[in-house]
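Everything below concerns the one structure shown next.
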Number of protein chains: 2
Amino acid sequence: MKIIEGGVCAPKGFLANGVHCGIRKNKTKKDLALIYSEYPASAAAVYTTNKVKGAPLTVTRQNISDGSARAIICNSGNANTCNANGIEIASRTCALIADELNISPSDVVVASTGVIGQPLDIEPIKNSVSSLAGGLNKNGSRDAAEGIMTTDTRLKEIAISFDIGGKECRIGGIAKGSGMIHPNMATMLVFITTDCAISSEMLGRALSSDIASTFNMVSVDGDTSTNDMVCVLANGAAGNDEIVSEGEDFNAFMKALNTLTVDLCRKIAGDGEGASKLLECKVSGALDLENAKIIAKSVICSSLVKTAMFGSDANWGRILCAIGYSGASVDVDTVEVSFESAKGEILVCKNGAGVDFSEDKAKEILLENEIVINIRLGDGNASTTAWGCDLTYEYVRINGDYRT
Amino acid sequence: MKIIEGGVCAPKGFLANGVHCGIRKNKTKKDLALIYSEYPASAAAVYTTNKVKGAPLTVTRQNISDGSARAIICNSGNANTCNANGIEIASRTCALIADELNISPSDVVVASTGVIGQPLDIEPIKNSVSSLAGGLNKNGSRDAAEGIMTTDTRLKEIAISFDIGGKECRIGGIAKGSGMIHPNMATMLVFITTDCAISSEMLGRALSSDIASTFNMVSVDGDTSTNDMVCVLANGAAGNDEIVSEGEDFNAFMKALNTLTVDLCRKIAGDGEGASKLLECKVSGALDLENAKIIAKSVICSSLVKTAMFGSDANWGRILCAIGYSGASVDVDTVEVSFESAKGEILVCKNGAGVDFSEDKAKEILLENEIVINIRLGDGNASTTAWGCDLTYEYVRINGDYRT
């Protein structure tokens, strides 16, 4: 298994493009993305659990109910959510791009991200589908990734090559963060392509299983978006024997998928709105996986932990506090906490109470931009990781006046 | 019923004082508070649900298990939590002040607030109990209120006079905010005194019932503190017939208590760390009280709603989003949202979708420092209110380097 170039276009038979269509006023910002498979593809997706759901999710769910899709179209700048005509606009978007691609509208995955509650004008999309489809190319992953960015500051893409039964397969993905992100089923927008041959049933199983320990363990701000979606298309162009059951091939696929999703989780959390630091909370020794997850999420979501990390302040009491109110079953008298980064690791709490430590060394470790909070419990053998980011002035600035 | 002066000293037979004892380095900041009843008093308290509990809570719970107390001592600057010798220090504090007051150590309520995980030195307390007790006086409520403040910017006290069976009674309270505050049973520190005669059992019942709709509906930052406590002492000095069961007198007491606690909730939320605005979220038309509360809390806790309010941005989509992920049973297609302040009210969402509204008028309303978010649902007849504050640069500054 190795990291390769090309993002969602790395797998055989996938093309992509991204353009500025005019939903956003800033003409230098792409706001419409397209991913296309030259061959029929298995499709699977997971969606937000928010009861307020973006209209595109309703349309997408319907379109991929048969387990197949050929194209993904996504705009940024407008979430097409809480609009009276949302379903109509999402359906028309599918029809317009399907017409250009000579595929069925029911083979289109549609997604939107941006402000909630502002009607989405179909005109900019209508005027751009031709150039969007016409410009599809093998190097288009970056353009597509740019097209789905909102407050993201960094483009998020990755591709991996791996081996299934002697055949080289590839999997690629793009993602957008970076606000309204909180672990609760699928979060954020992630589009994944692979040329691995796998049935839609097994693809769905792989995705649902994977997100429980990856995207669902990311939080930027505790707000679960209305438009979250993770969607994967698998077109089988690699030529491996189709994966139709569990076994060695399925495990190899799961491993590649997990490598890709963990990478995107880290990219999304590290580029959380206003973030200056990626936080990784590793919990071990928990009673069971469920309790490990509750604790890791509670710590990564705490505003007080997040601001302390922003200030490079080894204020471990806030971590104990977040463990205590998490609701998890935990013996707080056995908790051990250390901070770790490229500059080393420092133990700050043992048996639920403070230990003597060098504040200077702690500061040096916490001034890095990737921080690991290690929490070792004495309750059992379960472990997990959650990803988040610090809470900064910039988060407040970005969100204090997002619409204007 | 009317608002009166005097805080916790307004009720007959209560004295208070606050001094700087040296737990804090800043000599101009009081860090030790004392409230004393000249007569035996019924006592009731509620505590944080955080599994990591401050040592003072353990000692207090033991001391008032007989339903009576005479004094409340509280330091700021150190939470005496996650320290190996925490219980010992809290017990010694009780013994030291009891000795000065000639009462039993088991009649002392002890509380601490401040940094978690730093050993609390008994010396400054030991050296100050004499002057603390010696300086007890009828005008000492403000000094006591100052003594329990941490990052609070405003002193929080109130007193009310009311009538029970023809006898004038008084109830007074002081509170400290302003961070690590989130609805989950008792939150923050609140000390209430009353000269109303009421049994400890009825006092406990009144307190538990009241906090469900008051302190438990406040959130500043989503972090439930380890040291939260609401404690009330009732010394019966007003001379009313002791309240020993439900009925007219109990209801009159409940009404006075609720007026006092709602006032303190507003003061705590409005002085939340870094807050520039008090937010009040009023939910009506909910299926039942539980769902009303879930929705009101979800909205008031949303970082995105909080930052939008900081920016005076009528971004109602974030409110719909927070309703949607709250987990409440709600028909999102019937949701109506308006913003209200001293400058008027403006409807921004009806039937779950946006309505045309004047952005200028909305901005004018949201520039005020007390904002009401009205959410009207079509699910039933339950209503509730939650209190919170905006999320600002100042919150990040305060918490980015709290310990140093």
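Bear in mind that the values in this text are calculations on the coordinates, not laboratory data. Computed from a predicted structure; not experimentally measured. Backbone-built Cβ (ideal geometry, glycine too); neighbour counts: all protein chains shown.
Which trypsin sites (Lys or Arg not before Pro) from the range A:197-297 combine a DSSP loop assignment with at most 11 other Cβ atoms within 10 Å?
Answer by residue number: there is no such site.
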Name the cysteines of chain B that stand alone by the Cβ rule: no other cysteine Cβ under 4.7 angstrom.
-> B:C9, B:C21, B:C74, B:C82, B:C94, B:C231, B:C265, B:C281, B:C301, B:C321, B:C349, B:C389
Fewest-first ranking of B:C321, A:C349, using other Cβ atoms within 10 Å as the exposure measure = A:C349, B:C321
DSSP beta bridges in chain B [antiparallel fraction, %, rounded to 5] | 70
Over its alpha-carbon atoms, the protein assembly as shown yields an Rg and a Dmax in Å of 28.7, 92
Cα-Cα pairs in the range A:2-270 separated by more than 27 Å, as a whole percent of all pairs, come to 28
Mind jotting down the distance between the C-alpha centroids of the range B:235-270 and the range A:70-101, whole Å?
-> 57
Mean per-residue count of partner chain Cβ within 10 Å for A:387-393 equals 3
Just flag the chymotrypsin sites (Phe, Trp or Tyr not before Pro) in the range A:1-103 sitting in loop per DSSP whose Cβ has no more than 12 other Cβ atoms within 10 Å.
-> none
For peptide A:324-335, how many partner chain Cβ atoms fall within 10 Å of a residue's Cβ, on average?
-> 4
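Starting with the highest mean, order B:362-371, A:138-147 by the number of other Cβ atoms within 10 Å, averaged over the residues of each peptide.
Working: B:362-371: 17.5, A:138-147: 22.7.
Result, highest mean first: A:138-147, B:362-371.
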Please give the contour-minus-distance gain from B:K29 to B:N137: 0.36 nm per residue of separation, less the Cα-Cα distance, rounded to one decimal in nm.
-> 37.0 nm
Nearby aspartates and glutamates by direct alpha-carbon distance to A:K267 (threshold 12 angstrom, same-chain neighbours under 8 apart not counted) = A:D152, A:E157, A:E280, A:E370
Any chance you could tell me what percent of the C-alpha pair distances in the range A:67-198 go past 23 Å?
-> 39
With 5 Å bins from 0: P(r) over the range B:278-400, alpha-carbon pairs, percent = 2, 13, 23, 26, 19, 11, 5, 2, 0
What number, in percent, do you get for the relative contact order of chain A if the mean sequence gap of Cα pairs under 8 Å and at least 6 apart is divided by its residue count?
-> 17
The range A:31-169: relative contact order in percent, alpha carbon pairs under 8 Å with at least 6 residues between = 29
How much length, in nm to one decimal, is gained on full extension between B:D163 and B:N369, taken as 0.36 nm per residue of separation minus their Cα-Cα distance?
-> 70.8 nm
Express in whole angstrom the spacing between the alpha-carbon centres of the range B:107-136 and the range A:366-404.
-> 35
Output the relative contact order of the range A:278-400, whole-number percent, from Cα pairs under 8 angstrom with separation of 6+ residues.
-> 44
Just from its helices, what would the mean residue ellipticity at 222 nm be for chain A, if runs of 4 or more DSSP H residues each count -39500 (n - 2.57) and the sum is divided by every residue, rounded to the nearest 500 deg cm²/dmol?
-> -9500 deg cm²/dmol
Please go through the residue pairs A:K293/B:K297; B:K2/B:K30; B:K126/B:K277; A:K277/A:K361; A:K176/B:K350 and name each one whose alpha carbons sit more than 28 Å apart in this structure.
-> B:K2/B:K30; B:K126/B:K277; A:K176/B:K350
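Once R0 is set to 60 Å, what does the formula 1/(1 + (r/R0)^6) return for the Cβ-Cβ distance between A:D333 and A:I4, expressed as a FRET efficiency to the nearest 0.05?
Given R0 = 60 Å and the Cβ-Cβ separation, E is 0.80.
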